[in-house]
Every structure is written in C-alpha cells, then in structure tokens.
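See structure below.
The values are calculated or read from the model by the stated rules, or taken from the named source; none is laboratory data. All figures in this text were calculated on a predicted structure; none of them were measured in a lab. Heads up, the Cβs are rebuilt from the backbone with ideal geometry, glycines too, and the neighbour counts pull from every protein chain shown.
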Amino acid sequence: MTLHQSLTGFYQSHLPDGVIEGSTLKATCPFCTGRDRKEPGKIVVSLNSQGYFAGYFRCLNRCVSGGFAPHFGRLLGLDPALIPGHDPDREPLVPMENWSLENINQEIYKYQASLTAEIVTSFADRGISRAILAEMKIGFNGRYIVYPYYRENSCCYAAHCLSPVRSGEQFWLGDQKYASGGLQIFNVKDIDHCEDGALFVVEGEANLLCLRELGFPGVAVPAAADLESVDVRRFELIKTIFLVVGNTLEADGAARAFAARLGFKVRLFQWAAHRKRGFDLSQLALEDVAGFKAAVFEMMGQAKAFSPFRPPAREYALFRENLQMQHSESYTALKTGLPRFDDALGGVHGINIIGGPPKSGKSCLGIQLATGIAARRMPVIYYDFENGRQKVYQRTLARLSRLAVERLVAAKFQGEEKQRYEAASISLQKILATFRVVNDRKLTPELMRRHIDFLRHETGRDDAVVVIDSLHKLPFKDFSERRTGIDAWLREMESIRDELRVAFLVLSELTRQEGGRYDGEPHMGLFKGSGDIEYTADNALIFLPDQQVAEANGGARSNSLWLVASREHSPGLIARYQLDYPFWGFVEE
C-alpha cells in the first residue's frame, strides 16, 4: 500500500515519535496529557492513500473524538494553513442556534451510572464494549436504554429512549424541539471532526455503536424517514459518506432520496438478497461478532458511488422492453371504441387533455371513453368531481341499454326493453371488473399512485388509464392559488406517467372569449387556468358545440372534437359527435 505523502508528512511533523507500520502511523497521543490519564495512550493514524479514511486518527484511550487532519489541527491549535488541503475561502455551515439555558446533562450522568449488567451484556453480544458505551454516554433509566443527543456546544437537550425488550416502544426525553426538524442527529459533532474525510450516516443508534467499536466515525438518525428533514449542507465538507439503513423498501427509498440531495459522495450499503426484512448492522453483529468487521469491510468494498441514473445496460434493456410493450396486446387494447378518435390518436397513451365549455358534454364523453377502454378489460380509474358514482353508472347503463335513466330508475320494462336492460346489466358488471370510480375530494398524488398500484394488482394488468373529471376541481389543499395548484398537478401527472407507465385522459374547462362565447377557432389559448397544459399534454383536444351542424340536424346537439396540439400526431378535426339523447352517449358522424 502506498502512503498519502502530504498527510504522512503532516502527522509525522506533529507526532515526532511516530512509527509507521504498514499504512498506519502509531505514536504517543498528544491529547492524553492533563486528562487524568496515568500515562499517555497511543494514537493511530490511517495513511493508506487508496483508503477512504486516509488521515483519520483516533486515540486508543478515547481521550478525544477521532477525526481527520482539520480536527487534529484544531485540537493542537495549529495554523489552518499548515493542514493539507486547507482552503482559505471555505465557509463551513455554522448552525445558528439559540441554545436553551436548561439541559439534561445531569440526568444523562445519572442514567449512565444506572446501566445494568444485563444491558451491558446485551450490547456485548453485538461486540459493543463498555468503553464505547461510556464514550457515547449511553444510559438506562430502569426501563429504557437512553441515547443522549449532544449538540455542538457539548450540552444534551434531548435523549432518545428505546425499550430493550419491546421493538418500537420509544419516547423522547427533554426538549422536544431537538427531536425533530433535522436536529435529531446522534453524535452530531463527528460531522465537524470528519471534515475533508469520510463518515458513516446510519439508521439507528445501536447500529452506529457497532461501527464505533470498529473505530469508524459516524452519526445516526433514529429512523431512515428522519433523513428527509436533515439539512444536507451539514455534510458539504465531507468527501465520502457511507449510508447504511435497515433492509426495508421504505428505508431504502428514504436513503436514496437523501443520497440524491447529497450527490455522488454517497456510497449506499446494499443488503444481500437473502437478508430478511428489517435486517441491520446490529443484527449482523449479533449473528457473527467475530466476522462482523470483515463483513463491514466487504460491504464497504461493494458500495458504489450513488447515482440517480440507471446503468447504461439497464437503460437499454428498459428501452427494448418499452419498445416491445408498444406492440403488446395490452398496449394496443388501450382503445376507446370510437374509430376516428382511436385512429387519430392511436388510442389513449400519454397525457390527453380535453377542454370544453360548461354543459358541452365533456363528462358524458369522458365516461363513454373510459368505459369503452374498461370494456376491453383494461384497468381504468375515473376520478369524478362532477357527477357522483351513481350517475356515472346510471348513464353508462342508459347508453349500453338505450333506455333513458328515468326508465331504469322506474324499472318498468316492456317487450324487448327487458332484454336490452339485462344484456346491458351484464356488460356493466363486466366493465366494473376493471373500472373504478373515485370521488375522494382529499386526493393527493401519492394516493393516486397507490390507487394505480391497487388496481393493477387486482386486475393483473401492467397498463392503466387514469381519467380526471375535471382538472379544475382537483384538490389544491397545499396551494394558495388555483393556477399554482393546477400546474403542480400537471407536473405530478408527468411523473406518474413516466414512473408507472399509465395514460391520462383529463377533462378541462375553457376560458370564455369576448362576449362570453366559447366557439371560434380552436387553439391552445382556450384552455383555462394554466400555462403548463401546452407543455404537459401529449395531446391537447378541444370539444366544442357545433351550432350550424345542430341546426342542420333539426336541433340535435352536435360537437366537434379538435386536436389542437400533439407531440406525435397532426392537429386538426378528429370527428363530429352527435349526442345520442337521452341515452348519455355520443355517436361519431
């Protein structure tokens, strides 16, 4: 192994009695003097130029916290300019805190003294020594193991208390504001100590203790979900971060989201496929204390720099998979049953937004398109904020049976009406196998994702269509302005389209033109309340009443459907649709 030249020279000049053995320098610890030590202990420094922890020092007596060269220099009071890699323009993040006048330091000392032999043994089973427990000031209050969360000013304001026998039983002692908001970082001072070096970020305090026993620096959060609130600027001066969470999908997702914010400096530990759900470092140590160190080093070697991008080989494989999918039966089955509509758009794919004036029949058309797709055994979720579930079903049954809703409600059929009713009822039941109507006015994008997952699971299909009636009635709870809310929903639809490979059919309102009219030349500017529709929609359509055609047909309502913008298809008139009154359907002319 080659030694890191600048770091080797730096440490040798300040540890004159140091001896290099392999890639490790060993010397008398300069910090033990005056710390009630009978004699100075040994300090060891890693100098392997190829290692992530090059320059990391630690006293074997644990008289001070270990760290890298900048921390060593600060402890000795050296001029920062003497430290290898020093950047005079560096501005480290300094947490601005108004520290409370009250702390729980005395309680922590009391709990430290209350550690029982049984608790000490339970830690020893994982290879965690009394020395580590003392260094990290771990205590016991008679029922709970107490993990103190010391702040940068060396005071403890909050402690995380965990039951040693009941998994998940926990509470916070002390000032609760230090238990949230990104402040819930155990052993937080190691972040400063590891400037210009490497650091472990771990889920769970006990897991960090296992690593500390091996001599690694690190911090912990109580749960992986807490990573979301941690300010990543705290880690700007760290070169490499090893991120270790429990073996769950939720923890892995939280870790990847955190890593995406931190950047390529993160190396994420991966658990072997045979490990059970929830497996972590503490359980790995309990399983094999003697082999724990080797297992950690092996995982470190396998951990690769995090990237939010797929490997090229995987990206190409997905491209080929999607290409094949476009020729699959399920993809081609995403048709509405209206020939000219399907021919013009190739079915329902991507994000399709249909705008129309009030009372123009948008909902009627939306229900017909949605149930037409579901009739082909394709999953459809119909988010209805206009009519109500019962009306959606009644109008569908009226269209299928060609019986007015009033006749269906009265349930008095004559002659062949009964046959039409029974046949339509059977068809509706088949449609409902893949058709779901949702009226939840507290809908969120995350709920929509879960609904899609559920429906695809229940139907055994990979493809799905989401119909929204209408865009302007989606919940905008988190947005003060309607336009902001609409644009945010459109962004979410883009993400859901790409992540889950679903298609959208979205009904939208139009803006009134001069004189309160809605007719005229169809164009993108007619859509109401969003400038993002033109950027989001794969196909933007406008559904307008055609007064002249209606007059020529003796007053029967007729609408024209126009494609005004598309990523793949030519704009223009798709078809004219005559209302099949009173059966709640349209017929292509």
Open item on the list: Here's a check for you: in the stretch 408-455, which residue that is basic (Lys, Arg) and assigned to a loop (DSSP other than H, G, I, E, B) is farthest from Leu490 (Cα to Cα)?
Closed with: Lys412
Task: Residue under evaluation Gly168, criteria (1) free of Cβ contacts under 8 Å to residues at least 12 places away in the same chain; (2) in contact with an Asp or Glu (Cβ under 6 Å, 6 or more places away or on another chain), criterion not met - done: (2)
Open item on the list: I need a count of the residues in the stretch 416-434 that are closer than 23 Å to Thr332 by Cα and touching a Leu at 6+ places or on another chain (Cβ under 9 Å).
Closed with: 4
- [ ] Kindly provide the set of residues from the stretch 250-283 that are more than 18 Å from Asp231 (Cα to Cα), free of Cβ contacts under 8 Å to residues at least 40 places away in the same chain and either outside the structural domain of Ala124 (by TED's automatic domain parsing) or in a helix (DSSP H, G or I) (or both), ordered by number.
- [x] Glu250, Asp252, Gln283
TODO: Please work out which residue is nearest to Leu237 (Cα to Cα), limiting yourself to the stretch 284-306 and to residues that are in contact (Cβ under 8 Å) with a residue 60 or more places away in the chain and in a loop (DSSP other than H, G, I, E, B).
DONE: Phe306
Task: Single match in Val549, Val587 (criterion: at pLDDT below 90 and more than 37 Å from the chain's Cα centre (by Cα)) - done: Val549
Open item on the list: Anything in the stretch 264-294 that is out of contact with any strand residue (DSSP E or B) (no Cβ under 9 Å at 6 or more places or on another chain) and either surrounded by 18 or more Cβ atoms within 10 Å (Cβ to Cβ) or closer than 20 Å to Val219 by Cα (or both)? List them, or say none.
Closed with: Gln270, Trp271, Gly278, Phe279, Ser282, Gln283, Leu284, Ala285, Phe292, Lys293
Task: The lone exception for Val146 - which of (1) buried (at least 19 other Cβ atoms within 10 Å of the Cβ); (2) touching an Asp or Glu at 6+ places or on another chain (Cβ under 8 Å) it fails - done: (2)
Open item on the list: Residues that are at pLDDT below 95, surrounded by 12 or more Cβ atoms within 10 Å (Cβ to Cβ) and assigned to a helix (DSSP H, G or I): does the stretch 322-330 have at least one?
Closed with: yes
Open item on the list: Can you say whether Gly346 is touching a residue at least 60 places away in the same chain (Cβ under 8 Å), more than 30 Å from the chain's Cα centre (by Cα) and surrounded by fewer than 21 Cβ atoms within 10 Å (Cβ to Cβ), as far as the supplied structure shows?
Closed with: yes
TODO: Taking Glu458 as the residue in question, decide whether it is charged (D, E, K, R), part of a helix (DSSP H, G or I), within 23 Å of His349 (Cβ to Cβ) and modelled with pLDDT under 90.
DONE: no
Task: Residue that is surrounded by the most Cβ atoms within 10 Å (Cβ to Cβ), among those in the stretch 362-383 that are assigned to a helix (DSSP H, G or I) and over 33 Å from the mean Cα position of the chain (by Cα) - done: Leu365
Task: The lone exception for Ala27 - which of (1) among the small types (Gly, Ala, Ser); (2) within 23 Å of Thr2 (Cβ to Cβ); (3) outside any loop (DSSP other than H, G, I, E, B); (4) under 43 Å from the mean Cα position of the chain (by Cα) it fails - done: (4)
TODO: Scan the strands (runs of 3 or more DSSP E) fully inside the stretch 161-238 and keep the ones with 1 or more residues being within 24 Å of the chain's Cα centre (by Cα), assigned by TED's automatic domain parsing to the domain that holds Arg261 and not charged (D, E, K, R).
DONE: 198-203, 218-221
Open item on the list: If a residue must be within 26 Å of Cys155 (Cβ to Cβ), modelled with pLDDT of 95 or more and assigned to a loop (DSSP other than H, G, I, E, B), how many such residues does the stretch 86-135 contain?
Closed with: 7
TODO: Would you point out which residue out of Arg395, Arg450 is surrounded by fewer than 13 Cβ atoms within 10 Å (Cβ to Cβ) and either free of Cβ contacts under 8 Å to residues at least 24 places away in the same chain or over 38 Å from the mean Cα position of the chain (by Cα) (or both)?
DONE: Arg450
Open item on the list: Please go through (1) surrounded by fewer than 19 Cβ atoms within 10 Å (Cβ to Cβ); (2) under 27 Å from Thr116 (Cα atoms); (3) not aliphatic (A, V, I, L, M) for Arg151 and return the number of the only condition it doesn't satisfy.
Closed with: (1)
TODO: Among the residues of the stretch 45-77, count how many are within 22 Å of Ile132 (Cβ to Cβ), surrounded by 19 or more Cβ atoms within 10 Å (Cβ to Cβ) and aliphatic (A, V, I, L, M).
DONE: 2
- [ ] From Tyr147, Tyr157, grab the single residue that is touching a helix residue (DSSP H, G or I) at 6+ places or on another chain (Cβ under 9 Å), under 25 Å from Phe53 (Cβ atoms) and in a strand (DSSP E or B).
- [x] Tyr147
TODO: Search the stretch 42-66 for residues that are farther than 18 Å from Glu21 by Cβ and pair each with any residue that is at pLDDT below 95 and among the basic types (Lys, Arg) when their beta-carbon atoms are under 6 Å apart and the residues are at least 6 apart or on different chains.
DONE: Cys63/Arg35
TODO: Any chance you could count how many residues in the stretch 331-349 are touching a helix residue (DSSP H, G or I) at 6+ places or on another chain (Cβ under 8 Å) and assigned to a helix (DSSP H, G or I)?
DONE: 2
Open item on the list: Going residue by residue through the stretch 226-234, is there one that turns out to be crowded, with 22+ Cβ neighbours inside 10 Å and over 19 Å from Met300 (Cα atoms)?
Closed with: yes
- [ ] State yes or no: is Ile354 in the same structural domain as Ala565 (by TED's automatic domain parsing), modelled with pLDDT of 95 or more and closer than 26 Å to Gly460 by Cβ?
- [x] no
